[in-house]
Amino acid sequence: LRHDSPGMAAAAAAAVAAAAVAANSPRVTELQGLEVSQDAATIELLERECAWLNTLEAQVDAGGGLEAPAAGSYESALGQWREYWGGGGHQPSCRVEGLGASLCLAGARLPPVSAAAWNLTSQWASHMHQLSSRERDERSCREFARYHENGWLPPLFKWAEHTPGLDGPLLEELVDDLEYGAYFAAAAGRSPHFGSPAVELLLRPPHGAFRRKRVQELVHFRVLRRVANIDVRQLTHVVEFGGGTGETAAAASDLGFAGRHVIIDLPPMLLLQRYWLRYSGLPAYLGEDSQGAVTRSGIVLESSFATGLLGRHLDRADARTSLFLGLWSLTEAGLGARAKVWPLIAACGIVLLAFGNEFDGLDNAVYLNLELERWGLVRTHNLLSWHLVQSTGHYYLLAVRKDVGEARCLEELNCREGTRHPTVGRDST
């Protein structure tokens, strides 16, 4: 599916203008029930549907984000596109160009990267400078679907490739879980793939094809399910500090989570996450595009510099059905960024962190104990911390509010007295 394309800025402006009219016109997608085919009529239909999807996407970005009047129509169209196209496979050029245009349009609004103001390590400052530059550059926006193949930084799709066990014992334990078919399978080997189509697939008949990063995310959700009996389908809010590529939000959605998933991250990372979520057929919206109260469910991408996030997302939420996720991100951030997040952590009835004992000269065990005491979680939550089975020197910390349930130390998940953290989360058995 190829056609002559105007420049990114012109394409984005044209899409916004067309969307203002199109969003007010009732329309039913023609993709439902369509078989994958290369005949001319099907290609013409796909071009038409792709143009319509890009138009709706531009409309919601220009007119309120998650709260835009066209958001429902857009989500329906994107859902049909994902069902037909299969998630994160190779997308047609029409779709890649539309996503690239919206990326550059948002990239032009990015604030300048400041290592000091953003409290970044030298490595992450370099990563954010490079990423921000690419999100402003028309050629890079066009090439963004080749992020992984091009070896761009940060190397988000590569990290899981080097995590031990994801293609072996951890995957085997996942598919052998008694609830695999009823709970995990929907987000596992037969679910639409997420992210770069160049990421290696692990074939595991009869369960399908897996990517290591998805296995890693499902391992985390399995910890919640087995240790604390948490079913993500019953949650209303997920707050994720540091969203990576967006894979956690995608996995939660595939598991059946239908509430509001808030990702808090640096501005250039939010644009990357929005790109790959949408590329994979999942609607995601920048929080800055929605003015005022947020009332709808969906994936919202909020800047770590935004104010009022507690009131915007959790003030009226039920803590018992609210989950906070900080998988290495919290304890690898600067102290200033960490401090902003603790009111959100305290507002959640379920908290799952992963951490190393030390980062950038800071003792994370001492830090966590101080904050758990300061924010009262030592009194309101059951706490449990134990060693990850495949990651030397790294631990989970699970906090479950006492009126939600217990945190059980399970041998099958590598938790026993000898693997529990010596000082963090010592109140649960």
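The values are calculated or read from the model by the stated rules, or taken from the named source; none is laboratory data. This one's a predicted model, so the numbers in the text were calculated from it and none came from an experiment. All Cβ positions, even for glycine, are placed from backbone atoms using ideal geometry, and neighbour counts span all protein chains on display. For accessibility, only protein heavy atoms count, side chains too; no ligands or nucleic acids. Shrake-Rupley method; radii C 1.70, N 1.55, O 1.52, S 1.80 Å.
Key figures
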read-out: Extension gain (nm, one decimal) between residue 43 and residue 149, 0.36 nm per residue minus Cα-Cα; value: 35.5 nm
read-out: The chain, Cα convex hull volume normalised per residue, Å³; value: 138 Å³
read-out: Whole-number D in µm²/s for the stretch 70-147 (Stokes-Einstein; Kirkwood sum over Cα pairs; 25 °C, 0.890 mPa s); value: 170 µm²/s
read-out: Theoretical FRET efficiency, 1/(1+(r/R0)^6), r = Cβ-Cβ of residue 335 and residue 83, R0 51 Å, to 0.05; value: 0.70
read-out: Histogram of C-alpha separations across the stretch 313-429, 10 Å bin width, %; value: 14, 49, 32, 5, 0
read-out: Positive minus negative residues near residue 124 (Lys, Arg vs Asp, Glu; Cβ under 11 Å); value: -2
read-out: Intensity falloff of the stretch 103-226 expressed as log10 I(q)/I(0), Debye formula with alpha-carbon point scatterers, at q = 0.13, 0.19 Å⁻¹; value: -0.68, -1.00
read-out: Partnerless cysteines, meaning none of the other Cys C-beta atoms lie under 4.7 Å away, in the chain; value: 348
read-out: Computed [θ] at 222 nm, helices only, for the chain once each DSSP H run of length n ≥ 4 contributes -39500 (n - 2.57); value: -12000 deg cm²/dmol
read-out: Considering only the chain, percent of DSSP beta bridges that pair antiparallel, nearest 5; value: 45 percent
read-out: Cα pair distances in the stretch 286-346, grouped into 5 Å bins until the bin that holds the longest one, percent each; value: 4, 14, 28, 26, 20, 8, 1
read-out: Probe 1.4 Å - accessible area at residue 191, Å² to nearest ten; value: 10 Å²
read-out: Two-decimal Rg to Rh for the stretch 235-307 - Kirkwood Rh, Cα set; value: 0.92
read-out: Equivalent ellipsoid dimensions for the stretch 189-337 as semi-axes, Å, which come from the Cα gyration tensor, largest first; value: 25, 18, 15
